[in-house]
1. Identify, by number, the condition in (1) over 30 Å from ASN51 (Cα atoms); (2) crowded, with 21+ Cβ neighbours inside 10 Å that PHE63 doesn't meet.
2. Would you confirm whether any residue within region 27-34 is assigned to a helix (DSSP H, G or I), of a type in the set (A, V, I, L, M) and closer than 30 Å to ASN149 by Cβ?
3. Is one or more of the residues making up region 71-83 in contact (Cβ under 8 Å) with a residue 12 or more places away in the chain and under 22 Å from VAL42 (Cβ atoms)?
4. Out of the helices (runs of 4 or more DSSP H) lying entirely within region 94-157, which hold 2 or more residues that are more than 21 Å from PRO59 (Cα to Cα), of a type outside the set (Val, Ile, Thr) and modelled with pLDDT under 95?
5. Being of a type in the set (Lys, Arg), farther than 18 Å from ASN21 by Cα and free of Cβ contacts under 8 Å to residues at least 60 places away in the same chain is true for just one of ARG68, ARG110, ARG96, ARG130. Which residue is that?
6. When residues of region 42-80 are filtered for being touching a strand residue (DSSP E or B) at 6+ places or on another chain (Cβ under 9 Å) and aliphatic (A, V, I, L, M), how many remain?
7. Of GLU54, GLU47, which residue is at pLDDT below 95, more than 16 Å from ALA101 (Cβ to Cβ), part of a helix (DSSP H, G or I) and not small (Gly, Ala, Ser)?
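The values are calculated or read from the model by the stated rules, or taken from the named source; none is laboratory data. What you see is a predicted model; the values in this text were computed from it and never measured. Don't worry about glycine lacking a Cβ; one is built from the backbone with ideal geometry, like all the others, and counts go over all protein chains shown.
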Amino acid sequence: MRRPIKRRPLVGKDDRYDSVNVSRLVNYIMVRGQKETARKIVYAAFEEIKNAKEGGGDPVEIFEAAIRNAGPQMEVRSRRVGGANYQVPREVRPERRLALALRWIITASRNQKGTPMFKSLSSELMLAAREEGSAVKKKEDTHKMAEANRAFAHFAW
């Protein structure tokens, strides 16, 4: 039997918003070790959210709501049984739920070509907080796939 993995906590909270999740968002946005650039993008996106005419407000609350709305409860994992591969629905652990939500929000932001990253990130966060947008659609698609394969739930390990 495998031993349990010892998870290291993320060192340090974000300076400006005193949040571990904001710090994690900065790390996810970071490309090629350019953390200061990633910080500028996140802080500019949060300023954009704060100054938004409609749907604006406290950026950290909107960010937390976006994570809650974009994080999947269930997902499918491939399982090989007797020469056939089955898509087995499984519950998502909280750490993975956060990681998937952040990844999907950032991917949706990066796919909005022609707009600056901070603007697309702020719009995606506001959409996700209202349960709209690409990240939430991806979560719903994942849930639909898990529901469609519920018949194989007995293969879960």
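1. All conditions pass for PHE63, except number (1).
2. no
3. Yes; the residues of region 71-83 include at least one that is in contact (Cβ under 8 Å) with a residue 12 or more places away in the chain and under 22 Å from VAL42 (Cβ atoms).
4. Output list reads 94-110, 133-148.
5. Values: ARG68 fails: farther than 18 Å from ASN21 by Cα; ARG96 fails: farther than 18 Å from ASN21 by Cα; ARG130 fails: free of Cβ contacts under 8 Å to residues at least 60 places away in the same chain.
That would be ARG110, the only listed residue that is of a type in the set (Lys, Arg), farther than 18 Å from ASN21 by Cα and free of Cβ contacts under 8 Å to residues at least 60 places away in the same chain.
6. The number of residues fulfilling the criteria is 2.
7. Testing whether each residue is at pLDDT below 95, more than 16 Å from ALA101 (Cβ to Cβ), part of a helix (DSSP H, G or I) and not small (Gly, Ala, Ser) leaves just GLU47.
Residue-by-condition table, conditions (1) exposed (fewer than 15 other Cβ atoms within 10 Å of the Cβ); (2) under 27 Å from VAL26 (Cβ atoms); (3) under 18 Å from the mean Cα position of the chain (by Cα):
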{"site": "ILE67", "(1), (2), (3)": "no, yes, yes"}
{"site": "VAL81", "(1), (2), (3)": "yes, no, no"}
{"site": "GLU95", "(1), (2), (3)": "yes, yes, yes"}
{"site": "ALA99", "(1), (2), (3)": "no, yes, yes"}
{"site": "GLU132", "(1), (2), (3)": "yes, yes, yes"}
{"site": "ASN149", "(1), (2), (3)": "no, no, no"}
